[in-house]
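Novice: This is the structure I want to talk about, given as structure tokens.
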Amino acid sequence: MEDCLFCKIISGEIPSKKIYEDELTYVFEDIAPTAPIHYLVIPKQHISKLDEITPENSAVIAHIYEVIAKLAKDLDLKDGFRVVSNCGEQAGQSVFHIHFHLLAGRPLAWPAG
Ligand code: 5GP
Ligand code: ZN
């Protein structure tokens, strides 16, 4: 999609630090990490946000969680990790290409933090 920051990252037009890639997903380091591990897991297909998930496009979201489980094993995140997807401006979404923050490496307060 034109003028989408994360679509440009997927195409390589904007550089990123790649962690993992397959035919459906791309994983890269967040530019402003809030934890020792702060990766963004995104579908290559442009979906703007969580409330645009439908029966037609939800398979990629299931795949994203398989990728997260694989990364958690590969990175040995046995102490725990958090997955966050902000939906809409009030929730703090700033990039409107759906993404899942993968956070780990420090104690994570709840709620928020
Ligand atoms: P949101 O606020 O939408 O939940 O998360 C967007 C995330 O994208 C933020 O954590 C922000 O640091 C990250 N981000 C914004 N622009 C870039 C960029 O150009 N490159 C990378 N790697 N991350 C970005
Ligand atoms: Zn996009």
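Only the coordinates and a few stated rules stand behind these numbers; no lab work does. All figures in this text were calculated on a predicted structure; none of them were measured in a lab. Here Cβ is always computed from backbone atoms with ideal geometry, including for glycine, and neighbour counts include all displayed protein chains.
Novice: Just to be sure, is PRO36 in contact with a strand residue (DSSP E or B) (Cβ under 8 Å, 6 or more places away or on another chain) and within 16 Å of ligand 2 (Cβ to nearest atom)?
Specialist: no
Novice: For the range 87-113, name all the residues that are surrounded by 10 or more Cβ atoms within 10 Å (Cβ to Cβ), more than 13 Å from PRO33 (Cα to Cα) and among the hydrophobic types (A, V, I, L, M, F, W, C).
Specialist: CYS87, ALA91, VAL95, PHE96, ILE98, PHE100, LEU108
Novice: So which of SER85, SER48 is within 16 Å of ligand 2 (Cβ to nearest atom), of a type in the set (Ser, Thr, Tyr), closer than 20 Å to ALA112 by Cβ and within 13 Å of the chain's Cα centre (by Cα)?
Specialist: Matching residue, one of SER85, SER48: SER85.
Novice: For the range 79-113, what are the residues that are in a loop (DSSP other than H, G, I, E, B), at negative phi and free of Cβ contacts under 8 Å to residues at least 40 places away in the same chain?
Specialist: Those that are in a loop (DSSP other than H, G, I, E, B), at negative phi and free of Cβ contacts under 8 Å to residues at least 40 places away in the same chain: ASP79, SER85, ASN86, CYS87, SER94, PRO107, ALA109, TRP110, PRO111.
Novice: Within the range 57-74, track down each residue that is within 22 Å of GLU2 (Cβ to Cβ) and without any contact (Cβ under 8 Å) to a residue 12 or more places away in the chain.
Specialist: Once the filter is applied, which keeps residues that are within 22 Å of GLU2 (Cβ to Cβ) and without any contact (Cβ under 8 Å) to a residue 12 or more places away in the chain, the range 57-74 yields nothing.
Novice: A follow-up question, please. What do you reckon, is PRO15 more than 12 Å from the chain's Cα centre (by Cα), closer than 27 Å to PRO107 by Cα and surrounded by fewer than 12 Cβ atoms within 10 Å (Cβ to Cβ)?
Specialist: So PRO15 fails the test.
Novice: Moving on. Going by the conditions given, is GLY80 within 21 Å of GLU2 (Cα to Cα) and loosely packed, with under 13 Cβ neighbours inside 10 Å?
Specialist: no
Novice: Hey, can you tell me all the residues within the range 30-65 that are loosely packed, with under 14 Cβ neighbours inside 10 Å and within 11 Å of ligand 1 (Cβ to nearest atom)?
Specialist: Correct list: ILE31, ALA32, PRO33, THR34.
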